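Read the structure below first, then the notes.
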Amino acid sequence: MPFALAGEAEFLESSGQMKIKVLIVDDSALIRSVMKEIIGSQPDMEVVGVAPDPIIARDLIKQTNPDVLTLDVEMPRMDGLDFLEKLMRLRPMPVVMVSSLTERGSEITLRALELGAVDFVTKPKISIQSGMQEYTDMIADKIRAAAKASIRPRTIAHANADKTPGESLPQIRNPFTSSEKLIIIGASTGGTEAIKEFLIKMPSDCPGILITQHMPEGFTRSFALRLDNLCKISVKESAGNERILPGHAYIAPGHSHLKLVRSGANYMTQIDQGPPVNRHRPSVDVLFNSAAACAGKNAVGVILTGMGKDGALGMLEMRNAGAYNFAQDEASCVVFGMPREAIAVGGAHEVVSLQAMPGRVLAYLAEHGSRALRV
């Protein structure tokens, strides 16, 4: 069952660090009990309340002033999305959604991220005790990241408006070179919205794009479909063994690493179910390392918001192989962990805001696309 690492509680007590106050909102008494035990077992967290629905949660928020809220996506008395929208408008705070592993659950969860939720976890599988410690660690990590997240007011745009960017972006001089250049993206916490903002601004003839976003199986397909409906380019969950085409983006499936490989003159996708790297599968380091080995100077690396270090060393490998790399700046990140680590090890050439990132990447490609080299 969940347990605290030895010495952590003593360290927290001696350092005077305040515990993260968590309010649990879920209509299932069993899930509330499990979440309370998991969160309460962490030495740096305390459960300040539990609520079976948003109406009770509203009063508990006023009483307990939590640092983080965990919220079921499907709730009685008030829909979870309606509650989240009101919360982010009237009392913005870090929210981690607790989602069911269903198609409907994934669609609702993606909408919740658009509304301002920091991250999500799937509901615990009560019958599988062997994986409970791993699940405990995942929830604890996400709550810690949420507690440090930058929460900003969200402007929800209509889907059709997203298809028409409000700025003039650079055009690649020679569209034929876009088949040689590639854009390689890695992200985690906050990444679904960051990736959407980046891809929406990509022209239909942009270089092929490979993406690893930390996301569990069952959610990446819905994520890809959602982006495909919003973007000028085609977006899909990668199935592996696909020729990478200009104007297409390929997202790592939630169950596998995504790799870049060569087959003759063509770049191809490869799906790999090897062990997790940096506790993640898919892992950003796996994608970045494959791009370094396979694409070299033809790759442009982009690391976006996310917790942890995944992608930092892989981005450095890309730079050493001749790639040109961009990291999202702290001010525009939900969580600055992954870009910060990539910057710290020297993997990034430029640090750019999310808003400016598409333009800067396209400007680099417009200037350097004609110099693409076969490797």
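The values are calculated or read from the model by the stated rules, or taken from the named source; none is laboratory data. Please read these numbers as outputs of a predicted model, since none were measured by experiment. What goes into the accessible areas is simple: the full protein's heavy atoms, side chains included, and nothing from ligands, DNA or RNA. Shrake-Rupley method; radii C 1.70, N 1.55, O 1.52, S 1.80 Å.
Hey, if we sort Lys36, Lys142 by accessible area with the 1.4 Å probe, largest down, what's the order? If you can, show how the numbers build up before the last one.
Details: Lys36 110, Lys142 30 Å².
Largest accessible area first, the list is Lys36, Lys142.
Computed with every protein chain present, the accessible area of Leu225 is close to 80 Å² [probe 1.4 Å].
In terms of its alpha-carbon gyration tensor, region 45-137 comes out oblate; a/c meets the 1.5 threshold, while b/c is at least as large as a/b.
Excluding same-chain neighbours fewer than eight residues apart, the aspartates and glutamates reachable from Lys201 by a Cα-Cα span under 14 Å are Asp162, Glu167, Glu193, Asp228.
What accessible area per residue, rounded to a whole number of Å², is obtained for region 175-245 using a probe radius of 1.4 Å? I get 32 Å² per residue for region 175-245. Note that region 290-342 presents 30 Å² accessible area per residue, ligands and nucleic acids not counted, probe 1.4 Å.
For region 14-75, the pair-distance distribution built from all alpha carbon pairs, in bins 5 Å wide starting at 0, is 4, 20, 29, 24, 14, 5, 3, 1, 0 percent.
Taking the protein heavy atoms of region 284-361 in the context of the full set of protein chains, the accessible area attributed to carbon and sulfur is 51 percent at 1.4 Å. Separation of the alpha carbons by more than 18 angstrom is noted, of Lys21/Lys142; Lys196/Lys232; Lys86/Lys123, for Lys86/Lys123. So for region 277-375, what percent of the C-alpha to C-alpha distances run longer than 23 Å? Counting pairs separated by more than 23 Å, the tail of P(r) holds 20 percent. Accessible surface for Phe120 stands near 10 Å², nearest 10, in the context of the full protein assembly shown (1.4 Å probe).
Taking every alpha-carbon pair in region 175-307 and binning the separations at 10 Å intervals from zero gives 14, 50, 33, 3 percent. Sort out for me the Cα centre separation of region 211-244 from region 311-354, rounded to whole Å. One Cα centre to the other: 22 Å.
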